[in-house]
Structures are given as C-alpha cells and as structure tokens.
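**Student:** Sharing a structure with you now.
The values are calculated or read from the model by the stated rules, or taken from the named source; none is laboratory data. Small disclaimer: the values here were computed from a predicted structure and weren't measured. All Cβ positions, even for glycine, are placed from backbone atoms using ideal geometry, and neighbour counts span all protein chains on display.
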Amino acid sequence: MGIMLLEDALGIAREKNLDLVNIAPQAKPPVCRIMDFGKYKFEQSKREKEARKKQKTTSIKEVKMRPNIEAHDFQVKVRNAQRFLQNGDKVKASVVFRGREITHPELGSTLCKKFAEELQQICNIEREAKIEGRNMVMILSPK
C-alpha cells in the first residue's frame with residue numbers, strides 16, 4: 001500500500017477487522033502488514049506440528065550379552081539387533097562381565113567383532129568396542 005502514517009494504517013486495519021503487524025521494525029520506514037494475526041499464529045503452529053510429525057527420531061536400543069553366550073542365544077541377539085537397525089534405530093551392543101570374567105576382555109572383543117560381522121550388510125560401526133567399567137560397549141548405526 002506504500003508509505004503512510006501510522007494512524008492511517010491502523011484505520012484501514014480496523015476498517016477490515018484485521019491487525020496491523022510490524023514485520024521489520026529496524027527498516028526505515030518500518031514495514032507493517034495488515035493481516036489476521038490469530039489465523040497467522042494458528043497456521044504457523046500447524047506447520048510446526050506437521051514438521052515435528054515428519055521428523056524421525058533415532059533411539060538407541062541395547063542388546064546385552066555375556067562373554068560365554070551360546071550360539072543360539074547369540075543368533076537371537078543378532079536377529080533382535082537386525083530388527084532394531086531395520087527400524088532405523090541405533091544398537092548398543094554390551095558385553096557384561098561378571099566376577100573373574102573381566103580378566104579375559106579378549107573374549108568380549110571377539111564377541112563384539114563377530115556381532116559386527118553378522119550385521120555388516122545393514123550397519124556401520126559408529127564406536128568400536130571399548131571397556132567401560134565391567135561392560136564392553138560397541139555402538140552400531142544403520143546404513
């Protein structure tokens with residue numbers, strides 16, 4: 001509508017039952033728009049809600065094992081991890097050491113390597129196997 005006085009712009013906005021919204025207060029002269037501000041805020045919140053809905057959140061699923069795990073139990077853990085990775089989640093593979101098992105960390109590292117080899121087609125190793133206290137932790141992320 002061009003440059004006009006504040007009173008004139010307010011008068012036009014009241015006449016149309018709309019709001020006068022200051023868009024760029026730093027500009028010389030300040031830029032204002034005549035609009036239904038309530039409707040604008042509603043549509044903006046609707047767009048934000050839709051964006052949040054489409055947003056994919058990745059969570060970390062944990063698979064716990066012991067160093068002396070049996071072959072079938074290991075395959076069950078691999079299938080669970082495979083399902084988690086296909087759903088887009090990260091997998092935290094933990095080898096839990098109890099008692100004197102902590103004296104043989106090589107058992108845990110070979111188990112983690114075997115676990116990663118089983119899943120190498122569908123995942124990347126985000127963090128190599130590393131001992132944290134009495135656990136050995138490795139994080140896998142989907143490709």
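**Student:** Across segment 54-67, what is the total count of residues that are surrounded by 11 or more Cβ atoms within 10 Å (Cβ to Cβ) and of a type outside the set (A, V, I, L, M, F, W, C)?
**Tutor:** Final tally of qualifying residues: 6.
**Student:** Residue by residue through segment 91-101, note down the ones that are within 11 Å of Lys61 (Cα to Cα) and either touching an Asp or Glu at 6+ places or on another chain (Cβ under 7 Å) or of a type in the set (Val, Ile, Thr) (or both).
**Tutor:** Val91, Lys92, Ser94
**Student:** Return yes or no: is Arg83 at pLDDT 90 or above and basic (Lys, Arg)?
**Tutor:** Here the answer is yes, as Arg83 does meet what is asked.
**Student:** Looking at segment 36-64, I want the residues that are free of Cβ contacts under 8 Å to residues at least 24 places away in the same chain and have a partner that is surrounded by 11 or more Cβ atoms within 10 Å (Cβ to Cβ) and of a type in the set (D, E, K, R) with Cβ atoms under 9 Å, at least 6 apart or on another chain. Which pairs are those?
**Tutor:** Between residues of segment 36-64 that are free of Cβ contacts under 8 Å to residues at least 24 places away in the same chain and residues that are surrounded by 11 or more Cβ atoms within 10 Å (Cβ to Cβ) and of a type in the set (D, E, K, R), the close pairs are Asp36/Asp19; Phe37/Asp19; Gly38/Asp19; Tyr40/Asp19.
**Student:** Right, another one. Quick check on my filter: what residues within segment 98-122 are free of Cβ contacts under 8 Å to residues at least 40 places away in the same chain, under 17 Å from Val78 (Cα atoms) and of a type in the set (A, V, I, L, M, F, W, C)?
**Tutor:** Correct list: Cys112, Ala116.
**Student:** How many residues does segment 119-143 contain that are surrounded by fewer than 17 Cβ atoms within 10 Å (Cβ to Cβ) and not in a strand (DSSP E or B)?
**Tutor:** 6
**Student:** Exactly one of these conditions fails for Gly108: (1) closer than 30 Å to Lys56 by Cβ; (2) in contact with an Asp or Glu (Cβ under 9 Å, 6 or more places away or on another chain); (3) not in a strand (DSSP E or B). Give me its number.
**Tutor:** Exception for Gly108: condition (1).
**Student:** Now a separate question. Identify, from the list Asp89, Asp19, the residue that is crowded, with 16+ Cβ neighbours inside 10 Å and outside the structural domain of Lys114 (by TED's automatic domain parsing).
**Tutor:** Asp19
**Student:** Taking the condition in the same structural domain as Asn124 (by TED's automatic domain parsing) and hydrophobic (A, V, I, L, M, F, W, C), does Ala81 pass?
**Tutor:** When the stated conditions are applied, Ala81 passes them.
**Student:** For segment 16-105, please list each of the strands (runs of 3 or more DSSP E) lying entirely inside it that holds at least 2 residues being touching a Cys at 6+ places or on another chain (Cβ under 8 Å).
**Tutor:** So the answer is 19-24, 90-96.
**Student:** If a residue must be out of contact with any Leu (no Cβ under 7 Å at 6 or more places or on another chain), surrounded by 10 or more Cβ atoms within 10 Å (Cβ to Cβ) and part of a helix (DSSP H, G or I), how many such residues does segment 1-15 contain?
**Tutor:** Selection size over segment 1-15: 5.
**Student:** Next question, about the same structure. It is to be established whether one or more residues within segment 86-101 are within 30 Å of Ser141 (Cα to Cα) and more than 34 Å from the chain's Cα centre (by Cα).
**Tutor:** Checking segment 86-101: at least one residue is within 30 Å of Ser141 (Cα to Cα) and more than 34 Å from the chain's Cα centre (by Cα).
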